[in-house]
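The values are calculated or read from the model by the stated rules, or taken from the named source; none is laboratory data. Not measured: the values here are computed from a predicted model. Side chains are part of the model used for accessible areas, which takes the heavy atoms of the whole protein and leaves out ligands, DNA and RNA. Shrake-Rupley method; radii C 1.70, N 1.55, O 1.52, S 1.80 Å.
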Amino acid sequence: MQHRGNHPPLMFDGLDEVFDPGKREDVITDIHRFTNDYPDVRVIVTSRVIGYKPQRIAPSMIPIL
C-alpha cells in the first residue's frame, strides 16, 4: 500500500471487538473525526462480519470482504 504524502497508513483493527453499541458508535465517531482532521492519512478499519450489525461508515470508506 502506498503512503499519501509522508503519512503511513493507520489501522484500527477489530471494530467488532467493541461489544457495547454505544461505545462502538463513539469509536466510529472518533475515527470519522480523525479522518476529517487528517484527510491525507489513509485509514484502514477492520471488523469481522459474523455476529456484527454493520454500523455507519463514511462514504469514502470502501468495505472489502
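Tell me, which residue of the stretch 6-34 that is of a type in the set (K, R) and open to solvent by 80 Å² or more (accessible area, probe 1.4 Å) is farthest from R48 (Cα to Cα)?
R33
Can you tell which of D16, D40, D30 is acidic (D, E), in a loop (DSSP other than H, G, I, E, B) and either modelled with pLDDT of 85 or more or at negative phi (or both)? It would help to see each step written out before you state the result.
Numbers: D16 fails: in a loop (DSSP other than H, G, I, E, B); D30 fails: in a loop (DSSP other than H, G, I, E, B).
The unique qualifying residue is D40.
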